[in-house]
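Data first, discussion second: the structure below is written as structure tokens.
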Amino acid sequence: MNNIIETHISKTQKRLKRYCSIILKSKYDRNVCEELIQTYIDARYYNFGVDDKIRVFYRRIYEALKIRANELIKKENENEANVENTLMLFQYFFYFDFVRKNIEISDVIKKISEKRVNKFNLKSAEDDDFENTFTKIVETDMNEVNEILNGYDSDEFELEINKIIPSNNTFYRAKLKYNFVFPNVFSKEAIEDTFNEDIVNEDKLFVEYPMIAIKALKDILDGNFTKTYVVDFSTDLFNKKKKLEQLLTILDCQASQDKISFEINYSNFCDNKDGVYELTKRGFTFCLRTKNDMPKLTEDELKILNIFNCVIVDTYDINKKKYKKLRTLEV
């Protein structure tokens with residue numbers, strides 16, 4: 001299984017670099033292009049280096065780009081015209097990377113074509129068939145992205161996503177549901193028990209994790225960085241290193257880790273602390289779900305819980321008043 005979000009981001013970087021090269025031709029400045037693309041990726045896919053006071057997503061990204069462009073000119077002595085020409089292109093790239101929508105791509109490319117003649121003064125721009133060639137390239141790239149976004153749609157499985165508590169707009173519980181039709185001789189309870197058996201529970205994560213990665217990617221493409229999805233995790237996988245790594249590969253990048261947390265209970269945490277600590281060092285996050293039979297925790301045991309992204313607290317948890325320093329959701 002490949003890392004869905006990381007692969008998409010990597011391909012986006014390569015596409016933008018290619019676009020700059022094709023559009024600017026002899027005016028293409030590789031260093032300026034790569035610097036601005038990295039700034040764009042940081043702002044667009046990680047919400048990093050942006051002014052959160054700017055509410056409109058594309059303006060937030062463009063402001064980060066302008067700041068970096070200014071640094072390139074004033075602090076790093078890059079050619080001002082090269083920087084300004086490259087910066088200008090990102091206003092159009094927003095449409096190719098789904099930041100801005102509701103406009104025909106051919107119209108965007110027509111505007112770029114005009115800039116190549118009137119602004120960039122490219123001698124060959126008037127007769128190089130740019131519009132037709134570039135339109136095909138961009139449409140092919142955008143179709144590839146749409147295929148990925150829809151590639152995990154399934155009639156057999158679906159993700160059921162709900163707020164963990166109605167008043168909280170940050171944490172959502174994602175559960176994989178099946179749509180199989182079984183003969184009437186099998187009871188619903190028997191089917192559910194089979195679907196949630198340990199080995200089946202592990203294997204269905206190979207379906208659930210790509211689907212939640214796609215959901216997270218769609219959020220990011222829409223500029224939503226606030227939602228966190230809490231998903232199933234089997235601590236039995238700590239004893240199956242190869243299988244665990246195959247699963248983690250799907251989500252092993254910062255953009256995924258910022259959006260997705262693994263749920264475990266306190267008993268499983270206590271039995272697998274080393275494994276949990278190791279994964280948190282790698283950037284993965286966990287949410288702890290307590291139960292009504294939680295043991296009474298000492299101050300030292302409570303401090304350890306800081307490792308969790310949040311604690312989903314059972315109403316009858318004896319410790320619930322002691323979690324004040326932690327991010328909690330009482331259910």
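The values are calculated or read from the model by the stated rules, or taken from the named source; none is laboratory data. Here the structure is a predicted model, which is why all the values come from computation and not from measurement. Using ideal geometry, Cβ is built from the backbone for each residue, glycine included, and neighbour counts are taken over all protein chains shown. Please note that ligands, DNA and RNA were not included when accessible areas were found on the heavy atoms of the full protein model with its side chains. Shrake-Rupley method; radii C 1.70, N 1.55, O 1.52, S 1.80 Å.
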Evaluation of Gly223 against (1) at positive phi; (2) open to solvent by 50 Å² or more (accessible area, probe 1.4 Å) (one fails), failing number: (2)
Unique match (being acidic (Asp, Glu), touching a residue at least 12 places away in the same chain (Cβ under 8 Å), out of contact with any strand residue (DSSP E or B) (no Cβ under 9 Å at 6 or more places or on another chain) and more than 21 Å from Asp219 (Cα to Cα)) among Glu35, Glu6: Glu35
Qualifying residues in region 111-160 (those that are at pLDDT below 85 and part of a helix (DSSP H, G or I)) - the one least open to solvent (accessible area, probe 1.4 Å): Ala125
Residue list for region 7-28, filter: among the charged types (D, E, K, R) and modelled with pLDDT under 95: Lys25, Lys27
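So in region 26-84, with the set limited to residues that are among the acidic types (Asp, Glu) and assigned to a helix (DSSP H, G or I), which one is least open to solvent (accessible area, probe 1.4 Å)?
Asp42
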Considering residues of region 280-331 that are open to solvent by 20 Å² or more (accessible area, probe 1.4 Å), among the polar types (S, T, N, Q) and assigned to a loop (DSSP other than H, G, I, E, B) only, the residue nearest to Ser267 (Cα to Cα): Asn292
